[in-house]
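A.B. asks: One structure, as structure tokens, below. Some questions next.
Read the figures in this text as sums done on the coordinates, not as results from a lab. All values reported here derive from a predicted model rather than from experimental measurement. All Cβ positions, even for glycine, are placed from backbone atoms using ideal geometry, and neighbour counts span all protein chains on display.
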Ligand SMILES: C[S@@+](CC[C@H](N)C(=O)[O-])C[C@H]1O[C@@H](n2cnc3c(N)ncnc32)[C@H](O)[C@@H]1O
């Protein structure tokens, strides 16, 4: 069992100016052991307190929360580059994944996208060719306790060996998705969605050129998320990098 400990930012008047005197902290902690920070130690007995309880660590006060899916998700082990939340959101929204949806996913990578889709979909089957990725993805599925996700070993380009059928949403986050067109034709049901994620727009054009006639391209998007710092002191874009992640093309099988 886990708990989340939150310490809010604190401000105070210093030399006539309001300043941050204690910064925000968030910790994901296991209830089975005492937990230490630079402020002191919380005994495991205290970690069992209910959500909303306040506990002291040195001079600081922390609030205990019960973790939600996102808190657990952020603990997953990372191997291959995982898809970002903004792109996960776009895939779910543009394909309408819901509790009746059968999803096929490749490559599993760290299983991040598969795990997120598994929270919403009926079932997720995810393929990877790399042993290390398979191990990490399977470990993450177990960590999150997902029962409707199968991580399978296989080359998604080899349509003869991919035997799923009647798939509603097929997501490709692999280096050469254009090699998986026969797989897409085989696995997707009529009206099913093919969502392809690629970091370079030139690769996306290569994919679009390879897309068979019986698919309809709905749209290509790049999701740009701009974080702002809004508090007592600031009201401006956050000073984080706005790194490019990738492009997404959504298409549907018509025939
Ligand atoms: C960028 S990662 C996918 C990340 C994943 N979407 C996530 O959110 O964790 C790409 C993965 O595709 C796998 N891969 C590459 N070629 C493949 C193929 N032909 N069939 C299946 N998986 C493949 C790689 O081993 C790698 O793990």
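A.B. asks: Taking the Cα atoms only, what angle lies between the long axis of helix 201-210 and the longest principal axis of the chain, rounded to 10 degrees?
C.D. replies: Helix 201-210 sits at roughly 30 degrees to that axis.
A.B. asks: I'd like the FRET efficiency for residue 25 and residue 130, computed as 1/(1 + (r/R0)^6) with the beta carbon distance as r and R0 of 25 Å, rounded to 0.05.
C.D. replies: With R0 = 25 Å, the Cβ-Cβ based efficiency is 0.10.
A.B. asks: Just to be sure I understand: with springs between alpha-carbon atoms less than 10 Å apart, which residue in 12, 80, 137 has the highest mean-square fluctuation in the Gaussian network model of the chain?
C.D. replies: Among 12, 80, 137, the largest GNM mean-square fluctuation belongs to 12.
A.B. asks: In the Gaussian network model of the chain, springs joining C-alpha atoms below 10 Å, which of 164, 135, 61 carries the largest mean-square fluctuation?
C.D. replies: Between 164, 135, 61, it is 61 that shows the largest mean-square fluctuation.
A.B. asks: Output the relative contact order of the chain, whole-number percent, from Cα pairs under 8 angstrom with separation of 6+ residues.
C.D. replies: 13 percent
A.B. asks: Here is a further query. Just to be sure I understand: if I project the alpha-carbon convex hull of the range 34-142 onto a plane and average over all orientations, what area do I get in nm²?
C.D. replies: 9.0 nm²
A.B. asks: Then there is this: Could you tell me whether the range 182-255 comes out rounded, prolate or oblate from its Cα gyration tensor? Rule is a ≥ b ≥ c as square roots of the eigenvalues, rounded for a/c under 1.5, then prolate if a/b exceeds b/c, otherwise oblate.
C.D. replies: Prolate.
A.B. asks: Okay, next question. Can you figure out the FRET efficiency of residue 153 with residue 17, using R₀ = 41 Å and their beta-carbon distance, to the nearest 0.05?
C.D. replies: With R0 = 41 Å, the Cβ-Cβ based efficiency is 0.10.
A.B. asks: For 233, 170, 62, what ranking results if the residue with the fewest other Cβ atoms within 10 Å of its Cβ goes first?
C.D. replies: If I rank by nearby Cβ atoms, fewest first, I get 233, 62, 170.
A.B. asks: Counting only DSSP beta bridges with both residues in the range 171-255, what percent are antiparallel, rounded to the nearest 5?
C.D. replies: Rounded to the nearest five, the antiparallel share is 90 percent.
A.B. asks: Now for a separate question. With runs of 4+ DSSP H residues as the only contributors, calculate the mean residue ellipticity of the chain at 222 nm using -39,500 (n - 2.57) per run, divided by the residue total and rounded to the nearest 500.
C.D. replies: Computed ellipticity for the chain at 222 nm equals -6500 deg cm²/dmol.
A.B. asks: A further question on this structure: Sorted by packing (mean other beta-carbon atoms within 10 Å per residue), highest first, where do 204-217, 117-130 land?
C.D. replies: Sorting 204-217, 117-130 by mean packing, highest first, produces 117-130, 204-217.
A.B. asks: For the range 2-67, compute Rg over Rh where Rg is the Cα radius of gyration and Rh is the Kirkwood radius from the inverse mean 1/r over Cα pairs.
C.D. replies: 1.05
A.B. asks: GNM on the chain, C-alpha springs below 10 Å: top fluctuator among 85, 194, 113?
C.D. replies: In this elastic network of the chain, the residue with the biggest mean-square fluctuation among 85, 194, 113 is 85.
A.B. asks: Using only alpha carbon positions, build the gyration tensor of the range 108-255, then give the equivalent ellipsoid semi-axes as the square roots of 5 times its eigenvalues, largest first, whole angstrom.
C.D. replies: Semi-axes from the Cα gyration tensor: 29, 22, 14 Å.
A.B. asks: For the range 168-219, what does the equivalent ellipsoid look like in terms of its semi-axes, each the square root of 5 times an eigenvalue of the Cα gyration tensor, given largest first in whole Å?
C.D. replies: 17, 11, 10
A.B. asks: Hey, what D do you get for the chain in µm²/s if you plug the Kirkwood alpha-carbon radius into Stokes-Einstein at 25 °C and 0.890 mPa s?
C.D. replies: Value of D from the Cα-based Kirkwood radius: 118 µm²/s.
A.B. asks: Let me ask something additional. Please figure out what share of the DSSP beta bridges in the range 77-253 is antiparallel and state it in percent, rounded to the nearest 5.
C.D. replies: Of the beta bridges lying entirely in the range 77-253, close to 45 percent run antiparallel.
A.B. asks: To check you understand DSSP bridge types, tell me what percent of the beta bridges within the range 1-156 (both residues inside) are antiparallel, rounded to 5.
C.D. replies: Roughly 70 percent of the DSSP beta bridges within the range 1-156 come out antiparallel.
A.B. asks: Next question, about the same structure. For residue 119 and residue 99 in the same chain, what is the full-extension length gain: residue separation times 0.36 nm, less their Cα-Cα distance, in nm?
C.D. replies: 6.3 nm
A.B. asks: Same structure, new question: Shape verdict for the range 91-189, please, from the Cα gyration tensor: rounded (a/c under 1.5), prolate (a/b greater than b/c) or oblate.
C.D. replies: oblate
A.B. asks: Residue 161 to residue 10: extension gain in nm, 0.36 nm per residue of separation minus the Cα-Cα distance?
C.D. replies: Value of the extension gain: 48.6 nm.
A.B. asks: Quick one: which of 219-231, 25-37 comes out on top by average Cβ neighbours within 10 Å, and what's the full order, highest first?
C.D. replies: In descending order of packing, they fall as 25-37, 219-231.
A.B. asks: Peptides 143-156, 41-54: what's the order by average Cβ count within 10 Å, highest mean first?
C.D. replies: Ranking the peptides 143-156, 41-54 by packing returns 143-156, 41-54.
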